[in-house]
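Have a look at the structure below before the remarks.
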């Protein structure tokens, strides 16, 4: 319903940002990482997610589309609500979340406030399962284009897997990754790919 809000940032707390648009202040619950990128009394754009419950209507706002998409991916896991999603993204960047899931790094996810081992395990299990289903076609073959032969080296396969956790299809990212140095750290490859995709 609401894709984004753009306006003057008039107020923040440790977990919210109020953006004034056309005389209306939109109270967006957000992450520590987004708040670090915002400055009071400047114009900002937050990409939003509207959560409607029986007893409340909540608006969540994020500095980047990637952070929003990662939030939506996290809350798709059973037992992981919006507060838990914000907690994870306050502790980890979207790239770090993807890396943690791709490498079964429970410890990194449990650094987030209120996230225990069981929830971290569920996040990894469910999202890895979704990733596996997304990357294997109906005929059992991988949908990677022919360019994939150029990206099956170094840290690129790990980067493709981690980007899959963020919702990107292998076919979307393989060609971009093929142009990078495969010996770069996985997190760097993810960040560079996301930046490149943002330009397209």
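Throughout, read-outs are computed from the coordinates displayed, never taken from laboratory work. What you see is a predicted model; the values in this text were computed from it and never measured. A quick note on method: Cβ atoms are made from the backbone with ideal geometry, for glycine too, and the neighbour counts reach across all protein chains shown.
Here are some notes:
- You can think of it this way: the chain between residue 56 and residue 36 has 4.5 nm of extra reach, that is 0.36 nm per residue less the Cα-Cα gap.
- Averaging the sequence gap over all C-alpha pairs within less than 8 Å and six or more residues apart, then dividing by the number of residues, gives the chain a relative contact order of 14 percent.
- Nearest-ten-degree value, helix 156-165 long axis tilted from longest Cα axis of the chain: 40
- Distance in nm between pseudo-label sites at residue 172 and residue 20 (7 Å out along the Cβ direction from Cα): 3.6
- Most mobile of 88, 57, 32 in a GNM of the chain (Cα contacts under 10 Å): 57
- DSSP assigns beta bridges within the chain; of those with both partners inside it, close to 95 percent run antiparallel.
- Matching label, Cα extents along the principal axes in Å computed from the structure shown, candidates (i) 74, 35, 29; (ii) 54, 43, 30; (iii) 54, 37, 30: (iii)
- Cα shape, the stretch 66-135, gyration tensor, a/c 1.5 rule: rounded
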